[in-house]
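Have a look at the structure below before the remarks.
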Amino acid sequence: MRILYAETTSHYPSSAHFLEALRAMAARGDCEYSFLDESNYIAVQPSLAERAAHRVLGSPPRGRGSLNQALLAKAAALRPDLVLIGKGANLAPRTLHTLRNATGAMLINWATDDPFNPADSSRYLRESIPLYDLYVCTKRAVMADVARAGGRRVAYVRFGYKTDVHFPEAPSTASERARFSCDVAFIGGCDRDRAPYFEAIVAALPDLRINFFGGYFDRYPRLKPHWRGTANGRDYRLAVAGAKISLNLVRRANRDDHVMRTFEVPACGGFMLAERTPAHEEIFAENREAALFSSAEEMVAKIRWWVAHDDARACAAASARRRITEGANTYADRLDEILAILSAARDSAPEAAVAF
């Protein structure tokens with residue numbers, strides 16, 4: 001099988017999600033693959049002028065034309081049987097039409113975000129939905145909208161973790177311990193609807209050591225003193241290991257029921273306090289593998305209790321790690337799920353939404 005895979009490594013090593021899995025498949029002789037890194041063409045942080053031009057004039061991001069040309073060039077060289085696109089907000093429908101007509105490849109979209117979230121989507125992305133043979137949603141709530149937009153086959157597949165990235169590793173030097181050791185940590189962006197949760201912690205628990213890693217915390221005066229920059233790769237592991245409690249808030253604008261942290265934090269051996277969602281309740285035994293909350297008040301109360309009970313935290317974290325690492329939750333497992341869904345879709349005549 002020849003697979004052409006396109007996604008960004010802008011958050012490497014967490015993304016691109018399936019790159020290591022494809023390398024392992026190729027090493028076993030199970031596939032031949034080619035990878036197109038979107039970050040080589042589209043800036044992760046466009047300039048202020050570029051953002052203004054896009055917002056006011058609808059100007060495309062710089063590099064989008066080159067990205068589309070590169071995808072067609074790789075397809076012409078590989079002649080893939082399958083094309084796996086991570087998100088694909090900058091791929092034109094005509095590019096996908098041309099690719100399909102030239103190669104006959106099956107097209108799969110790995111929808112890491114809500115394609116109908118105006119803050120994180122594009123006209124290209126929405127118009128391309130009917131062109132994919134399989135649209136893999138990481139959020140159940142978007143599946144019906146994808147089907148209404150013309151999705152041929154729609155499936156639900158959760159995020160996962162990478163075995164060579166997400167594993168326990170404690171801070172080992174004095175400087176690392178000084179940076180990462182804390183009572184509560186959050187790794188991710190400070191979205192506008194998340195900020196009140198973080199501010200509630202700072203206000204109610206002023207004596208706690210709090211670490212925030214990610215973007216936009218510097219915009220909030222009460223949160224900025226606890227902002228510690230970013231944490232990717234090894235720093236991510238150290239941030240989880242250094243915290244008594246790792247918070248996990250979903251992204252409402254994306255209609256999330258879980259996020260990448262759902263699997264990454266337990267895989268790194270951390271104790272997780274997460275928003276109560278159907279997915280989190282399905283994955284974890286509450287208070288035995290993870291703690292859950294439904295409001296800022298409940299979150300603060302849970303923090304007070306769990307930060308004071310070291311043995312209970314350690315037991316829950318160990319149980320959650322077993323749950324995740326022994327439960328087929330790697331991105332290699334997720335790729336197997338996607339390929340199995342595609343195989344089943346090929347064998348069944350009617351086209352419909354499929355939830356797994």
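With a sphere of radius 15 Å drawn around the Cβ of residue 102, what net charge do the other residues whose Cβ falls strictly inside it have (Lys, Arg +1; Asp, Glu -1)? Charge balance in the 15 Å sphere: +4. Ranking of 224, 74, 162 by neighbouring Cβ atoms within 10 Å, starting from the fewest: 224, 74, 162. Which shape class, rounded, prolate or oblate, goes with the range 174-325 when its Cα gyration tensor gives a ≥ b ≥ c as root eigenvalues, a/c under 1.5 marks rounded, and past that a/b bigger than b/c marks prolate? Note, shape of the range 174-325 comes out rounded. Which order do 42, 245 fall in if you start with the one that has the fewest other Cβ atoms within 10 Å? Lowest to highest Cβ neighbour count: 42, 245. Just to confirm a number: summing +1 for Lys and Arg and -1 for Asp and Glu over residues other than residue 264 whose beta-carbon lies under 10 angstrom from that of residue 264, what do you get? Once positives and negatives cancel, what remains is +3. Comparing 321, 148, 234 in a Gaussian network model of the chain where C-alpha atoms under 10 Å apart are linked, the largest mean-square fluctuation is found at 148.
Helix 296-307 axis versus longest C-alpha principal axis of the chain: approximately 60°, rounded to the nearest ten. Across the range 245-259, rounded Karplus estimates of 3J(HN,Hα) from the backbone phi angles (6.51 cos²θ - 1.76 cosθ + 1.60, θ = phi - 60°) give 10, 9, 6, 9, 9, 7, 9, 5, 4, 9, 6, 5, 10, 6, 9 Hz, Gly and Pro being marked x. A cut-off of 5 Å between modelled amide H atoms, ignoring neighbours fewer than 5 places along the same chain, links residue 154 with 135, 352, 353, 354. Just from its helices, what would the mean residue ellipticity at 222 nm be for the chain, if runs of 4 or more DSSP H residues each count -39500 (n - 2.57) and the sum is divided by every residue, rounded to the nearest 500 deg cm²/dmol? Using -39500 (n - 2.57) per qualifying helix, the result is -11500 deg cm²/dmol. Taken one residue at a time, the phi angles of the range 268-273 give Karplus couplings (6.51, -1.76, 1.60, θ = phi - 60°) of 7, x, x, 8, 10, 10 Hz. Gly and Pro are set to x.
Taking amide H atoms as placed 1.01 Å from N in the peptide plane, the amide H of residue 230 lies under 5 Å from those of 214, each 5 or more residues away in sequence or on another chain.
Of the GluC sites (Glu not before Pro) found in the range 287-338, those that fall in a DSSP loop while having at most 10 other beta-carbon atoms within 10 Å are 326. Under the shape rule built on the C-alpha gyration tensor, where the axes satisfy a ≥ b ≥ c, the chain is prolate, since a/c reaches at least 1.5 and a/b is greater than b/c. Taking the Cβ of residue 42 as the center, what net charge do the other residues with Cβ under 9 Å away carry, scoring Lys and Arg +1 and Asp and Glu -1? Once all neighbours under 9 Å are counted, the net charge is +1.
From least to most packed, judged by other beta carbons within 10 angstrom and beginning with the fewest, 305, 227, 110 follow the order 305, 227, 110.
Quick note: the coordinates plus some simple rules give every number you see, no bench work behind them. What you see is a predicted model, and the numbers here were worked out from it, not measured in a lab. Here the Cβ is made from the backbone with ideal geometry for all residues, glycine too, and neighbour counts use every protein chain on show.
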